[in-house]
Amino acid sequence: EAKAQGKNRCIFFNTKFKDSLNRKNEIENLLKKISYDDEFELYYQPQYSIRDKKTIGAEALLRWNNKDLGSISPVEFIPIAEEIDYINSIGEWVMEKAIKQIAKWSNQSIYLKVGINISPKQLDNKNFISKLKGFLDENSVSPEYIDIEITENITIEGGYRVKQIESLFSSLGISISIDDFGTGYSSLSYLKTFPFERIKIAKPLIDVISTDNFDFQIVKALIMLAKSIGIKTIAEGVEFQEQLDILTELGCDEVQGYLLGKPMTVSHLEELLNTQNI
Ligand code: C2E
Ligand code: MG
Ligand code: MG
Ligand code: MG
C-alpha cells in the first residue's frame, strides 16, 4: 500500500517534470521558427511623473501570442531565448519596433521617453551599439527618447559589457535606468560606475512599503540617496493609492504600476494620454 503510493507519487513527479521539459522544448522550437511580426507585440506601460501629474514615459513590454500555446509570458520565454541565443534577434526586433513607434508618436506630437529592456547577453554582441544607432538614424529618432533598462549587477560580470554600456552613454547619448533595484545583490557602489539616469525601485519593496517598516526605511533611504547624488527614482509595481501617497511624501520622482495603468496596446495608451490632456 505504502509502496504503491510511493510509486504513484514518483510517476506523478516524473510526469510533471516531463511536462515542463516538453513545454520548454516546444517554446524553444517555436522561438526558432515563428515570424516575430506575426506573433510578437509591444505593449506599453505608462510611467507617471508625480510632480508633473502626467505620463512622461512608457516601458515597452514584449507580448507573445501563439496560435497553439496562447499567450506566453516574457518571464517564461525570455530566459529560454537567452539560453538558445535568440535573445539578440528578439532584442533587435524590440528595439526597432519601439523606435519606429517613437517616430510615429512624434508625428502625432506625442513625446514619451520609451523604456526598452535589455538582457545582459545583448551587451555581449559586438553589433549591439551599431544596430541601435542604425535604428535611430533610419527613423530619425533622437536618443533622448530612449531609456535602456538593465538589471543591476550587470557590470560586475565583465569588461566587455562595461565597455558597451559606456558606448551607450558616450557615443549614443542614451540614458540608462537600473531595473529591479533593491532586490538581489544590490551594491550601492554600483551607482558610482556610470552616470545612471534612474533607479527603478523593485516591486517587492513597494509591495510592503505600507506594512513593513524595515522596507519602508530602505525605500526612504534609497530615494534620499538617489536625490543627493542626482539620480532619479521610479517606483515599480504601484497598485494602491496609499503607496502613491507614501512615495509622494518621500519625494520619489515617478511611479509605474497598475494604479496608473497596466501594460497596454498602443491605441489604449493613446486614449489614456488623451484623457490626461483634457
Ligand atoms: P520588468 O522589466 O521589471 O517589467 C515590469 C514587470 O512588472 C512587467 O511584467 C509588468 O507587467 C509588471 N508590472 C508592472 N506594474 C505592475 C503592478 O502594478 N502589479 C503587478 N503585479 N505587475 C506589474 P511583464 O510584462 O510580464 O515582464 C516581465 C519581465 O520580462 C520584465 O520585467 C523584463 O525583465 C522581461 N521583459 C519584458 N519584455 C522584455 C523585452 O522586450 N526584452 C527583455 N530582454 N526582457 C523583457
Ligand atoms: Mg523593465
Ligand atoms: Mg527586469
Ligand atoms: Mg522591473
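The values are calculated or read from the model by the stated rules, or taken from the named source; none is laboratory data. Owing to the predicted nature of the structure, the values given are computational and were not obtained by experimental measurement. Reconstructed Cβ throughout: ideal geometry from the backbone, glycine too, with neighbour counts over all protein chains shown.
Give the residue, chosen from Ser130, Ser187, Ser167, that is over 25 Å from Thr55 (Cβ atoms), of a type in the set (Gly, Ala, Ser) and assigned to a loop (DSSP other than H, G, I, E, B).
Ser187
Confirm whether Ile234 is assigned to a strand (DSSP E or B), at pLDDT below 95 and either closer than 13 Å to Tyr48 by Cα or within 16 Å of ligand 3 (Cβ to nearest atom) (or both). Talk me through it step by step, then tell me what you get.
Working: assigned to a strand (DSSP E or B): yes; at pLDDT below 95: no; either closer than 13 Å to Tyr48 by Cα or within 16 Å of ligand 3 (Cβ to nearest atom) (or both): yes.
Judged against the criteria, Ile234 is not a match.
Filter the stretch 105-127 down to the residues that are away from ligand 2 (no atom under 16 Å from the Cβ) and assigned to a loop (DSSP other than H, G, I, E, B) and list them by number.
First pass over the stretch 105-127, keeping only residues away from ligand 2 (no atom under 16 Å from the Cβ): 105-111, 124-127.
Within the stretch 105-127, Gln108, Ser109, Ile110, Tyr111, Asn125, Lys126, Asn127 qualify.
Any idea which residue in the stretch 233-268 is surrounded by the fewest Cβ atoms within 10 Å (Cβ to Cβ), counting only those that are under 30 Å from Trp64 (Cα atoms) and more than 16 Å from ligand 2 (Cβ to nearest atom)? Even if it seems obvious, please write down each step before you answer.
First, the residues of the stretch 233-268 that are under 30 Å from Trp64 (Cα atoms): 233-240, 254-268.
Add one more test, that the residue is more than 16 Å from ligand 2 (Cβ to nearest atom), and what stays is 239-240, 259, 265-268.
Values: Glu239: 14, Phe240: 15, Leu259: 16, Thr265: 13, Val266: 15, Ser267: 8, His268: 14.
That would be Ser267.
Assess whether Ile165 counts as being surrounded by 20 or more Cβ atoms within 10 Å (Cβ to Cβ) and more than 16 Å from ligand 4 (Cβ to nearest atom).
On the way: surrounded by 20 or more Cβ atoms within 10 Å (Cβ to Cβ): yes; more than 16 Å from ligand 4 (Cβ to nearest atom): yes.
Judged against the criteria, Ile165 is a match.
Say whether the condition of being away from ligand 1 (no atom under 14 Å from the Cβ) and at pLDDT below 95 is met by at least one residue in the stretch 90-105. Even if it seems obvious, please write down each step before you answer.
Applying the first criterion (away from ligand 1 (no atom under 14 Å from the Cβ)) to the stretch 90-105 yields 100, 102-105.
Applying the additional criterion that residues be at pLDDT below 95 yields none.
No, there is no match, as no residue in the stretch 90-105 is away from ligand 1 (no atom under 14 Å from the Cβ) and at pLDDT below 95.
Among the residues in the stretch 262-275, are any within 16 Å of ligand 4 (Cβ to nearest atom) and in contact with a strand residue (DSSP E or B) (Cβ under 7 Å, 6 or more places away or on another chain)?
Step one: list which residues in the stretch 262-275 are within 16 Å of ligand 4 (Cβ to nearest atom), which gives 262-263.
Subsequent filtering for residues that are in contact with a strand residue (DSSP E or B) (Cβ under 7 Å, 6 or more places away or on another chain) retains 262-263.
Yes, there is a match, as at least one residue in the stretch 262-275 is within 16 Å of ligand 4 (Cβ to nearest atom) and in contact with a strand residue (DSSP E or B) (Cβ under 7 Å, 6 or more places away or on another chain).
Can you tell me which of (1) free of Cβ contacts under 8 Å to residues at least 60 places away in the same chain; (2) small (Gly, Ala, Ser); (3) at positive phi is the one Ala235 doesn't meet?
(3)
Listed residues Ser130, Ser187, Ser142; which is among the polar types (S, T, N, Q) and at pLDDT below 85? Even if it seems obvious, please write down each step before you answer.
Numbers: Ser130 fails: at pLDDT below 85; Ser142 fails: at pLDDT below 85.
Matching residue, one of Ser130, Ser187, Ser142: Ser187.
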